[in-house]
1. Just to be sure I understand, how many residues within region 4-49 are within 22 Å of residue 121 (Cβ to Cβ) and in a strand (DSSP E or B)?
2. Within region 59-78, is even one residue touching a helix residue (DSSP H, G or I) at 6+ places or on another chain (Cβ under 7 Å) and either assigned to a loop (DSSP other than H, G, I, E, B) or over 16 Å from residue 130 (Cα atoms) (or both)?
3. Does residue 94 fit the bill of being farther than 16 Å from residue 19 by Cα, within 14 Å of the chain's Cα centre (by Cα) and crowded, with 20+ Cβ neighbours inside 10 Å?
4. If a residue has to be within 14 Å of the chain's Cα centre (by Cα) and in contact (Cβ under 8 Å) with a residue 24 or more places away in the chain to count, how many in region 10-26 make the cut?
5. Test of understanding: among 88, 3, 23, which residue is in contact with a helix residue (DSSP H, G or I) (Cβ under 8 Å, 6 or more places away or on another chain), surrounded by fewer than 16 Cβ atoms within 10 Å (Cβ to Cβ) and closer than 19 Å to residue 144 by Cβ?
6. Test residue 170 against the stated conditions and say whether it is farther than 20 Å from residue 148 by Cβ and exposed (fewer than 10 other Cβ atoms within 10 Å of the Cβ).
7. For region 28-37, which positions are surrounded by fewer than 22 Cβ atoms within 10 Å (Cβ to Cβ) and at pLDDT 95 or above?
8. Which condition does residue 129 not pass, out of (1) under 21 Å from residue 97 (Cα atoms); (2) assigned to a loop (DSSP other than H, G, I, E, B); (3) modelled with pLDDT of 95 or more; (4) under 20 Å from the mean Cα position of the chain (by Cα), if it passes all the others?
């Protein structure tokens, strides 16, 4: 089983980030979308992206082409423009696609790797000209972080790595969002994070009877 937590902090009067976590049998689909702040209806665009992905038919036996899904989303967005990073976690690894500067990182030993690096920052979804970047990465249950640029641009990775394994998982996304605070105690942008990992299943301990039969 895959366990997730998510958190979002609005910087603007109307938060333009949107997140979604969709369970698919034993798999999970995660999406972070960030509406373009300089364009009207950014929050409409980001929410429509998440809703579009929520409705995508999913069959674990047939890999979903997430790049094609985002290309369809590009034309289905009613107004405004948005980034998107969609990540599918399954027994076959990590797959997904991204547009803009929302991205996914995976804890790899003492570092974080970014399989979505190389994505195009512009044009965004809603422009009709977006070019999604597909990615695949081996995944064995390690911690996955999907975030908007309001997170990735303002956290210090050394601070994230120093605390990642010690924060109680249900509080992790909220704690990571708080790490994006500026020294002035405010934020420079909307911040959103989804954390995911494969849930550890502990087998019950077997009781061993060490008593000796005296007969």
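1. Taking region 4-49 and keeping what is within 22 Å of residue 121 (Cβ to Cβ), we get 8, 11-12, 15-20, 30-49.
Among the residues that remain, those that are also in a strand (DSSP E or B) are: 8, 17-20, 30-35.
Residues in region 4-49 being within 22 Å of residue 121 (Cβ to Cβ) and in a strand (DSSP E or B): 11 in total.
2. yes
3. Taking the combined requirement at face value, the residue satisfies it.
4. Result for region 10-26: 6.
5. 3
6. So residue 170 does not fit the description; no.
7. 28
8. Condition (4) is where residue 129 drops out.
The values are calculated or read from the model by the stated rules, or taken from the named source; none is laboratory data. Bear in mind that the values here come from a model prediction, so they are computed numbers and not experimental data. All Cβ positions, glycine included, derive from the backbone under ideal geometry; neighbour counts span all protein chains shown.
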